[in-house]
Amino acid sequence: MSDAAIGIFDSGMGGLTVLRALLAQLPNENFVYLGDTARLPYGTKSGETVSRYALQAADTLMQHHVKLLVIACNTASAYALPALQAAIVSVPVVGVIEPGAEAACASAPNGRIAVIATEGTVSGGAYLRAIKQRDPNTSVIQKACPLFVPMAEEGLTDGEIATTVARHYLVPLKAERPDCLVLGCTHFPVLKGAIRGVMGPGIASVDSAATTAQAVKEALASGGLRRKETAEGARSYLVTDAVERFVRVGKIFLGAPIDPAAVELVDLR
């Protein structure tokens, strides 16, 4: 079982930032990544639809005999994590919201937290609930930043456009003087430079990709699931549409080229 792959699911390419963080912490593990590129984005869809898609994706990854499942999509974690954990009992299931909420509370000495995410994640209130469960006295400000997603996928991660959009969304948040800002969408870490440029150095940034990678590392250790082989692990990719675009755009999020031969087109049912 320890040699089995870790399965990672996202609505498209943003979850590759989670894979990137996992590769940095667990380079010897095997990974299989599934991006539902035919049906993205999830952030504007209903909770029922997102849950259905997430269950289909999880089923596909389980057919690859994964030892742990990572829901590397904030919207899917917000809407579908309880259903996934109920449906999949043979392996641990890790979402991105709980680790992010934990890190946010640790980074907010004055109890003031701002969260930026997709419309679905904000309206679902998952970060608000997760943070309040840890500290009911914390003040949580949420802001949907839908334009950040297409900007990230088009590579508009710095420069005048990125700065203008970041200011549009973030200047009102900065005025609230939060202790930290949670990047509540896995697309957002590639815009970290523009975001930090607006928020300034005095406001800590919580990257849900990095916090999730740490949670996965801990889950593997506690379950005795760490791969014993020290050589670099294998990486494979499943996508539901547009293989060429996934390879081309995905490297923005992964921070490294994606081998087209490692990408397989699949159909989720």
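Every number here is computed from the coordinates shown, using simple stated rules; none is lab data. Not measured: the values here are computed from a predicted model. Please note: Cβ atoms are built from the backbone with ideal geometry, for glycine as well, and neighbour counts cover all protein chains shown.
Summary table
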| read-out | value |
| --- | --- |
| Fewest-first sequence of Cys145, Cys105 by Cβ atoms within 10 Å of each Cβ | Cys105, Cys145 |
| Angle in degrees between helix 243-254 and the longest Cα principal axis of the chain, rounded to the nearest 10 | 50 degrees |
| The chain: angle of helix 208-222 to the longest principal axis, Cα-based, in degrees nearest 10 | 50 degrees |
| Alpha carbon convex hull of region 21-113, projected area averaged over orientations, nm² | 7.4 nm² |
| Size of electric dipole in the chain: Cβ of Lys, Arg +1 and of Asp, Glu -1, about Cα centre, debye, nearest 20 | 540 debye |
| Dipole magnitude (debye, nearest 20) for region 175-269, charges at Cβ of Lys, Arg, Asp, Glu | 160 debye |
| Proxy reagent accessibility, fewest Cβ within 10 Å first, across Asp259, Asp36, Asp158 | Asp259, Asp158, Asp36 |
| Whole-number percent relative contact order across region 98-208, with pairs defined as alpha carbons under 8 Å at least 6 apart | 36 percent |
| Convex hull volume of region 98-208 per residue (C-alpha atoms, cubic angstrom) | 82 Å³ |
| Positive dipole terminus of the chain, leading residue within Gly250, Asn110, Ala4 (C-beta point charges) | Asn110 |
| Principal-axis tilt of helix 159-175 within the chain, Cα atoms, nearest 10 degrees | 60 degrees |
| Net charge of Cβ neighbours under 15 Å - reference Ala219; Lys, Arg +1; Asp, Glu -1 | 0 |
| Magnitude of the charge dipole, region 98-208, Cβ model with Lys/Arg +1 and Asp/Glu -1, debye to 20 | 380 debye |
| Given charges at Cβ of Lys, Arg, Asp, Glu: the chain dipole, positive-most of Ala38, Ala101, Gln63 | Ala101 |
| Which of Thr240, Ser222, Met151, positive extreme of dipole for region 133-269 (C-beta unit charges) | Ser222 |
| Convex hull of region 180-268 built on C-alpha atoms - directionally averaged projected area, nm² | 8.4 nm² |
| Of Lys67/Lys132; Lys67/Lys143; Lys217/Lys251; Lys132/Lys174; Lys143/Lys192, those spanning more than 27 Å from alpha-carbon to alpha-carbon | Lys67/Lys132; Lys67/Lys143 |
| Residues Glu232, Glu98 arranged by fewest to most Cβ contacts within 10 Å | Glu232, Glu98 |
| Relative contact order computed over the chain (Cα-Cα under 8 Å; 6+ residues apart), in percent | 28 percent |
